[in-house]
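Below: one structure, written as structure tokens.
Every number here is computed from the coordinates shown, using simple stated rules; none is lab data. Predicted model only: the values in this text are computed from it and were never measured. All Cβ positions, even for glycine, are placed from backbone atoms using ideal geometry, and neighbour counts span all protein chains on display.
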Amino acid sequence: MTRCYGKNQLKFGSKPALIVIDVVKAYHDPSSPLYAPERFDTALVSIKNLIEKCRSASIPVIYTSVLFDSPVSGGKWYTEKLPNVLCCFDKDNPHREFAEGVEPRKDELVLLKQYSSSFFGTSLSSLLASNGIDCTIVCGYSTSGCVRATVREACGDRHAAVNDSNLFDMSQKFAEVVLEEEMMALIDGISKK
């Protein structure tokens, strides 16, 4: 990635947590309006690898998922614009279930949200602070919407240009965007301490 600010690199913390954002069946089911296999199926492989790596290193894994439990749920305010998309996250819609291979274990936390941000309207910030988490590893869907902070292979969006543009923006301002292999090495470094 081109670096245009001459910025310094952020250090990887000693007590990270993995946040897995909206990795649900809607992105992998051909009957869903969010289906885009060429982008999301590739990202899913990296996401599964990252989850397993974090589990083996005893790094907490936190899942977030959109849940609209009523027609007037907070995040449904723009249903008029995206009526066939937001319904994927309605309470009883099977598209909102976690994707195959990304099912949370009983000892892993699932935070339900109504908005794009995993922080807004949830206890995520308090949870991270109270557990002394000093950095987050973020992966999931979609880069331009709910992720906006992630690692390169472990994210997906409907279009490569949108994905790359958002990753570049994050890298320049508030995140370290790293390749899957680099993240695995960083995790190995923590578990050897």
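Remarks
- Shown is the FRET efficiency for S123 and S58, computed with R0 = 25 Å from the Cβ-Cβ distance and rounded to the nearest 0.05: 0.70.
- Net lengthening on full extension, D169/V85 (0.36 nm per residue, minus Cα-Cα): 27.7 nm
- Simple label model, 7 Å out from Cα along Cβ direction - Y35 to D134, nm: 4.6 nm
- In terms of the mean number of neighbouring beta-carbon atoms within 10 Å, the peptides 59-68, 130-139, 160-169 order highest first as 59-68, 130-139, 160-169.
- Between K106 and D188, the modelled label-to-label distance comes to 3.3 nm, taking each label 7 Å out from Cα in the direction of the beta carbon.
- Beyond 27 Å in Cα-Cα separation lie the following of the pairs K48/K106; K11/K53; K53/K91; K53/K113; K15/K91: K53/K91; K15/K91.
- For F68, the residues whose modelled amide H falls within less than 5 Å of its own, excluding neighbours fewer than 5 places apart on the same chain, are D90, K91.
- Pairwise label distance in nanometres, L179 with D69, each label 7 Å out on the Cα-Cβ vector: 4.4 nm
- The slack in the chain from E97 to A161, taken as 0.36 nm per residue of separation less the alpha-carbon distance, amounts to 20.3 nm.
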